[in-house]
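The values are calculated or read from the model by the stated rules, or taken from the named source; none is laboratory data. Please read these numbers as outputs of a predicted model, since none were measured by experiment. Cβ: placed from backbone, ideal geometry, glycine included. Neighbour counts: every protein chain shown. SASA here: full protein model, heavy atoms, side chains in, ligands and nucleic acids out. Shrake-Rupley method; radii C 1.70, N 1.55, O 1.52, S 1.80 Å.
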Amino acid sequence: MSAPAFHELSARRGRIGSQTMKHLFAALAVAAGLATIAPAFAQAPDAETLAVARQVVQVSGSGRTFDEILPNVADQAKTTFIRSNPQMQLGIIEVVDRVALSMVDRRRELDDRLAEVWTEFFDKAQLEALLVFYNTPAGQRLAEIQPRLLGGQLQIAQEWAQEIGEEIVQKVTAELDTMVKNETTRLEGSGQPAAPQSNPQ
């Protein structure tokens, strides 16, 4: 390793810290998200397949995860309007609640769109098999606990990603420290000036 290259390595080593952790965790999150994506079929589903998929959405309870969307959107709308017009707070709450209630029936639209997603990953025969399963005691149990199960898995995955990220940073930092020390010793032995030590942030 040349002296200029060593100087650059030493400077970069000093920048390993919170910024590195931030970028690493972001990369892990992206990788985890990409791992869950499968290619969708371009062909639109036929009516019969879509009907079976709607039933699967209903019996699987997968749509229940999104039941809070409308109330949450309404709350966000209240906050936005009240922030802009605080003197109209009571009127805004009344109007937003009325408009949100008028849109409750549109909840079916979401189930229809969720059903389309199922048809991208399962054909009609597979959807029918899933429908049979979800009508068994085991399937009904899965439908009941699915949101909590997914939430628990997500939490565990996030904790594991953080542990792995911290371990990677620690090991890389230790190896870079060793590399810098070895290069410092070599340069001092050859009479070349060593790079100044930089403090990690």
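Overview of values
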| item | result |
| --- | --- |
| Criterion: open to solvent by 80 Å² or more (accessible area, probe 1.4 Å) and of a type in the set (D, E, K, R) - qualifying residue of Glu166, Glu183, Glu175 | Glu175 |
| Yes/no for Ala29 being modelled with pLDDT under 90 and over 30 Å from Thr136 (Cα atoms) | yes |
| Selected residue (criterion: farthest from Val52 (Cα to Cα)) from residues of region 127-139 that are assigned to a helix (DSSP H, G or I) and touching a helix residue (DSSP H, G or I) at 6+ places or on another chain (Cβ under 7 Å) | Gly139 |
| Residue check, Glu188 at pLDDT below 90, of a type in the set (Asp, Glu) and open to solvent by 90 Å² or more (accessible area, probe 1.4 Å) | yes |
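Here is a yes/no grid of residues against (1) free of Cβ contacts under 8 Å to residues at least 24 places away in the same chain; (2) in a helix (DSSP H, G or I); (3) of a type in the set (S, T, N, Q):
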site: Asp105; (1), (2), (3): yes, yes, no
site: Arg113; (1), (2), (3): yes, yes, no
site: Trp118; (1), (2), (3): no, yes, no
site: Ala125; (1), (2), (3): yes, yes, no
site: Arg148; (1), (2), (3): yes, yes, no
site: Gln153; (1), (2), (3): yes, yes, yes
